[in-house]
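Here is the structure we will look at.
The values are calculated or read from the model by the stated rules, or taken from the named source; none is laboratory data. This one's a predicted model, so the numbers in the text were calculated from it and none came from an experiment. Cβ coordinates were reconstructed from backbone atoms using ideal geometry, including for glycine residues, and neighbour counts include every protein chain displayed. For accessibility, only protein heavy atoms count, side chains too; no ligands or nucleic acids. Shrake-Rupley method; radii C 1.70, N 1.55, O 1.52, S 1.80 Å.
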Amino acid sequence: MTPAALLVRREIATALRARWFAAYAAIFLLSGLLLAAVGGGDALIAGYRGFARAFAGLVHLALLFVPLMALLPATAAIADERESGALEYLLAQPVTATEVYLGKWVGLAAALGLALTVGFGAAGAVAVARGVPPGLLAVLFGQVVLLALVFVAIGLGLSALTTSRARATTVAVVVWLGLVALGTLGILIAFIRWGAPAWALTVWTFVNPIEAFRLGVVSALDPDLSLLGPAGARIVDRVGPYGTNALAALSLALWALVPGLAGLAVFSRPK
Amino acid sequence: MIRARDLAKQFGHHRVLDGITLDLAPGERVALLGLNGAGKTTLIRCLLGLIPFEGTLQIAGCNVHTDGRRVRERVGYVPQRAPHFDGTLAETVEFFSRLRGSDHGAVARRLLDLGLDLAVHGAKPVRTLSGGMLQKVLLALALGSDVSVLLLDEPTANLDPRARREFLRGLRQVREETTVLLASHRLADVEAVADRLLVLHGGRIAFDGTMDELWARAGAAETLWVRVPPAMRDAARARVESVVHTPAFVSNGTAFGVRVAHDARADVLATLREADIRVEDFWTESPSLGSLLSGALGLPIDDSSAAGDRE
């Protein structure tokens, strides 16, 4: 087994042992099951009918939990070991800093993917039974995994850039709040108060991973839904629902790589 | 085995290492001494390739700059404080053995020789192990792959006396051809391990020689404490005065102490034995490393190493 494979395996084992892993999987599973169970039926509830209600519930669940599920362990991944001295001991072994970083990245991503598969899989099975089309659920699952990878990359990048876990976590939560708040409020304020040009709103929608995720999954469900928002409606109108979904996936994929690679560049650089 | 040429390292405006040139032969046991901040840990981190530096550094023929992985394959490392890894002891030993390409069984045997049975302790979480046990684990891991160089960065600094003795005993298992570099603040550790001393000061090597040479340069003396029956105390003092020309006696009520040169301890005990004076107990109290370095090299006394060693 190569050092890289050993490091990935160790990271997965560490995640599987950690309390956060079991807790997140359980919360996601229970919430998903609940939403999927009550989301069925034809009654109109809060503006949603039938499977759209179960689907929208899963989308909001993902938006609420997945970024934090990914951010918190990722910000701890390097900062914790740096504080305890474990990182220096590890780097004193016949491995490179790049291997250590990539091992953590791949291992964390795999562990989170497993947690999401467990939680989302069970909820998805119930949702399918209640009428949600499997193809639609597959799109949602793919975007959820991408969203998790985005925040793993952001968290790991911050963990490499900062000197302590406390600082890394603080910055990560500020980033998360900023993306959530600016994602919704920023668009509204820019549109209403300053009359921001339509292209700027379009760009912002894809620059913000939370917005990109929301747009991607909702456009797959129903491009006419009012919750697409003004920017989303314009995008769907221009590139169609499939194009919107592809652009959203591209945005998420870039987010899932760039912060992580920036962290890798810093971590691997001689100190 | 270790070859450094004009090794230098600067943090901001502070030049911690300033042109170190040294050669350590295979099998040499070398102690790295110096006051706090002298650059001992920085030198070890350079040797491991953990930080960039100026100059050239080779270990076992491999360039640390360009071939860090191969260097670290040949180097075992025990830090001052063992990190608390996630997982059990058995998992940790297996992971690092595989990472180092060591035979897991060999590491387990090393651990057993050090008094730690994996069959008994393997299932324990590493976080629950004592500092002494963890240092033994790191030593076993370092020695498991028959390394060419063993780097020890104040490995006993956080251990209690018993754990320290056990760790030092474990060092006897090091192969003869392995070069050992021990950074330490403790005279007793240095005397137990090293036959050559390097003293770092001002970023340079201020002393390179043997312990005897350092003692001689310092002119320093230890206090030899001797406990004899009260009725024999006067006779004992008289005998001691015959071998120590200017004895400086001190007393703590039950024993008397005499300042003697480092190599004169045996003479004192021998003369008491010759006079049939029963020595109930004896021990030596060394000056602190800081005061020894101060006496030998004129370095300022470092409070962190002010405590003497009692052996």
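From the list B:Pro52, B:Pro26, the lone residue that is within 14 Å of chain A (Cβ to nearest Cβ), out of contact with any Lys or Arg (no Cβ under 6 Å at 6 or more places or on another chain) and surrounded by fewer than 19 Cβ atoms within 10 Å (Cβ to Cβ) is B:Pro52. Mind counting the residues in region B:28-72 that are in a helix (DSSP H, G or I) and more than 23 Å from the chain's Cα centre (by Cα)? Looking only at that region, the number is 3. A residue that is at pLDDT below 90, in contact with a strand residue (DSSP E or B) (Cβ under 8 Å, 6 or more places away or on another chain) and not basic (Lys, Arg) occurs somewhere in region B:168-180.
Listed conditions (1) modelled with pLDDT under 80; (2) more than 14 Å from chain B (Cβ to nearest Cβ); (3) within 18 Å of A:Leu64 (Cβ to Cβ) are all met by A:Ala23, apart from (1). Of all the numbered requirements in (1) modelled with pLDDT of 85 or more; (2) within 30 Å of B:Val71 (Cα to Cα); (3) open to solvent by 20 Å² or more (accessible area, probe 1.4 Å), A:Ser164 misses one, and that requirement is (1).
Where helices (runs of 4 or more DSSP H) sit wholly within region B:77-180, those with at least 1 residues that are within 14 Å of another protein chain (Cβ to nearest Cβ) and either in contact with a His (Cβ under 7 Å, 6 or more places away or on another chain) or surrounded by 20 or more Cβ atoms within 10 Å (Cβ to Cβ) (or both) occupy B:89-100, B:104-113, B:131-144.
Looking only at residues in region B:190-245 that are in contact with a Phe, Trp or Tyr (Cβ under 6 Å, 6 or more places away or on another chain) and not aromatic (Phe, Trp, Tyr), the one that is surrounded by the fewest Cβ atoms within 10 Å (Cβ to Cβ) is B:Val226. Any residue at all in region B:261-270 that's at pLDDT below 85, assigned to a strand (DSSP E or B) and open to solvent by 20 Å² or more (accessible area, probe 1.4 Å)? Yes, region B:261-270 has at least one match. Test B:Glu73 against the stated conditions and say whether it is open to solvent by 10 Å² or more (accessible area, probe 1.4 Å), facing another protein chain (nearest Cβ under 9 Å) and in contact with a Gly (Cβ under 8 Å, 6 or more places away or on another chain). When the stated conditions are applied, B:Glu73 passes them. The conditions of being part of a helix (DSSP H, G or I), surrounded by 21 or more Cβ atoms within 10 Å (Cβ to Cβ) and without any contact (Cβ under 8 Å) to a residue 40 or more places away in the chain are met by A:Gly57.
For region B:55-68, does any single residue satisfy the condition of being in contact (Cβ under 8 Å) with a residue 12 or more places away in the chain and facing chain A (nearest Cβ under 9 Å)? Yes: region B:55-68 contains one or more residues that are in contact (Cβ under 8 Å) with a residue 12 or more places away in the chain and facing chain A (nearest Cβ under 9 Å). Counting just the residues of region A:179-213 that are in contact with a Leu (Cβ under 7 Å, 6 or more places away or on another chain) and open to solvent by 30 Å² or more (accessible area, probe 1.4 Å), which one comes out modelled with the highest pLDDT? The extreme case among them is A:Phe206.
Picking from residues in region B:29-49 that are away from chain A (no Cβ under 13 Å) and charged (D, E, K, R), the one that is farthest from B:Leu289 (Cα to Cα) is B:Arg29.
Under 8 Å between Cβ atoms, which residue pairs at least 6 apart in sequence (or on different chains) link something in region B:11-24 that is among the small types (Gly, Ala, Ser) with a partner that is part of a strand (DSSP E or B) and open to solvent by 20 Å² or more (accessible area, probe 1.4 Å)? Short answer, once both residue conditions are applied: B:Gly19/B:Asp6; B:Gly19/B:Gly55; B:Gly19/B:Arg204.
Applying the condition of being within 14 Å of chain B (Cβ to nearest Cβ) and in a helix (DSSP H, G or I) to region A:243-271 and asking which residue is least open to solvent (accessible area, probe 1.4 Å) yields A:Phe267. For beta carbons closer than 8 Å, sequence separation of 6+ or different chains, a first residue in region B:70-97 that is basic (Lys, Arg) and a second that is part of a strand (DSSP E or B), the qualifying pairs are B:Arg70/B:Cys62; B:Arg74/B:Ile59; B:Arg74/B:Cys62; B:Arg74/B:Val149.
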